[in-house]
Amino acid sequence: MTTAEGDVFAIRTSQDVVIVRQEVRARAVKAGLGLVDQTKIITAASELARNTLDYGGGGTVVMEAIEANGRRGVRLTFEDHGPGIADIELAMKDGYTSGQGLGLGLGGSRRLANEFFIESRIGEGTKVVITRWK
Amino acid sequence: MERIPILAMGKALLITIQVDMHDRLALALEEDLTNRIASTGARGVLIDISSLEIVDSFIGRMLDNIAAVSRVLDAETVVVGMRPAVAITLVELGLSLTGVKTALNVERGMALLRSQCATRRGTHDHRRG
């Protein structure tokens, strides 16, 4: 698998969440994703960027164009140094939220991605990686 | 701060969302619209989202809230113009907008509002009579 150099974007304000959506869209189009797949990865990115902001106290996203077995795709890595998630299984459940949200962000973005990875340590932060292939 | 414009047309309020809204802008729209319904006595609200490339859980919740609040203030809300890719994504995300009436386009949305308002007016008259 080849990975192009990733671009890093800061997520500090709700305006940054809008920028993340626009940048993910540009990369999804470039990777040749169809309209529905573009919409899915942009929506998942929006959910995860908001989580990074609201629950992680801000952080970053790395956007990569990837290629494997002749398929192109987009990989997004969201990282924060917030309080971390105590019970990941519970946090993944639809309807569960520790804040003001609807509790659809993590579970929903997993459904919208082809690959989903989450890692979190209490007091250290959370990392979520999603990939959508063409 | 920028605002989403709200147009009044007869007894209806029209909103066309043409920008990629950040969360605070969405909250401001919810608040502005609630005030406008109360101040104008509008009976219907039509929200055109045909320009929106995505609807995430935040915007989805905003639409749900607007519909719920306007119902309490005696107005009906119709959301029109949702793109097919957005609809597919929204359902997969886990949001089905059960509290929101939808129509394919502005024309059908206005027709739906007119028939809703007519029915409700009829009911009110009946009660009064």
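The values are calculated or read from the model by the stated rules, or taken from the named source; none is laboratory data. On a predicted model such as this, the values are computed, not experimentally measured, just so you know. Cβ placement follows ideal geometry from the backbone for every residue including glycine, while neighbour counts extend to all protein chains displayed.
List pairs: first residue in the range A:116-134 and touching a residue at least 60 places away in the same chain (Cβ under 8 Å), second residue of a type in the set (Lys, Arg) and surrounded by 18 or more Cβ atoms within 10 Å (Cβ to Cβ) anywhere in the structure, Cβ distance under 6 angstrom, at least six positions apart or on different chains.
Matching pairs, first to second residue: A:Thr131/A:Arg75.
Residue check, B:Asp74 against (1) within 13 Å of another protein chain (Cβ to nearest Cβ); (2) closer than 19 Å to B:Ile37 by Cβ; (3) surrounded by fewer than 19 Cβ atoms within 10 Å (Cβ to Cβ), all met but one. Which one?
Checking B:Asp74 against (1) within 13 Å of another protein chain (Cβ to nearest Cβ); (2) closer than 19 Å to B:Ile37 by Cβ; (3) surrounded by fewer than 19 Cβ atoms within 10 Å (Cβ to Cβ), the one that fails is (1).
For the range A:14-44, enumerate the residues that are at the interface with chain B (Cβ under 9 Å from one of its Cβ atoms), in contact with a helix residue (DSSP H, G or I) (Cβ under 8 Å, 6 or more places away or on another chain) and among the hydrophobic types (A, V, I, L, M, F, W, C).
If the condition is that a residue be at the interface with chain B (Cβ under 9 Å from one of its Cβ atoms), in contact with a helix residue (DSSP H, G or I) (Cβ under 8 Å, 6 or more places away or on another chain) and among the hydrophobic types (A, V, I, L, M, F, W, C), then A:Val17, A:Leu35, A:Val36, A:Ile42, A:Ala44 are the ones that fit.
Output the number of residues of the range A:52-89 satisfying the condition of being of a type in the set (D, E, K, R) and either part of a loop (DSSP other than H, G, I, E, B) or within 14 Å of chain B (Cβ to nearest Cβ) (or both).
Final tally of qualifying residues: 2.
Show the residue pairs that are 6+ apart or on different chains and have beta-carbon atoms under 8 Å apart, the first residue being within the range A:31-51 and over 19 Å from B:Pro84 (Cα atoms) and in a helix (DSSP H, G or I), the second being modelled with pLDDT of 95 or more and among the aromatic types (Phe, Trp, Tyr).
Listed pairs, sorted by first residue: A:Leu48/A:Phe78; A:Ala49/A:Phe78; A:Asn51/A:Phe78.
Quick check, is B:Glu31 surrounded by fewer than 20 Cβ atoms within 10 Å (Cβ to Cβ) and free of Cβ contacts under 8 Å to residues at least 24 places away in the same chain?
Against the criterion (surrounded by fewer than 20 Cβ atoms within 10 Å (Cβ to Cβ) and free of Cβ contacts under 8 Å to residues at least 24 places away in the same chain), B:Glu31 qualifies.
Look through B:Ser96, B:Ser115 and report the one residue that is among the polar types (S, T, N, Q), over 30 Å from A:Ile42 (Cα atoms) and at pLDDT below 95.
B:Ser115
Can you name the residue in the range B:76-107 that is in a helix (DSSP H, G or I) and either small (Gly, Ala, Ser) or in contact with a strand residue (DSSP E or B) (Cβ under 7 Å, 6 or more places away or on another chain) (or both) and, of all such residues, is farthest from A:Lys93 (Cα to Cα)?
The selected residue is B:Val106.
Conditions (1) among the aliphatic types (A, V, I, L, M); (2) without any contact (Cβ under 8 Å) to a residue 40 or more places away in the chain, marked per residue:
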position	(1), (2)
B:Ile17	yes, yes
B:Asp48	no, no
B:Ile59	yes, yes
B:Leu73	yes, yes
B:Pro84	no, yes
B:Glu92	no, yes
B:Leu97	yes, yes
B:Leu112	yes, yes
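Regarding the range B:1-9, can at least one residue be identified that is surrounded by 14 or more Cβ atoms within 10 Å (Cβ to Cβ) and either more than 27 Å from A:Ser14 (Cα to Cα) or within 13 Å of chain A (Cβ to nearest Cβ) (or both)?
no
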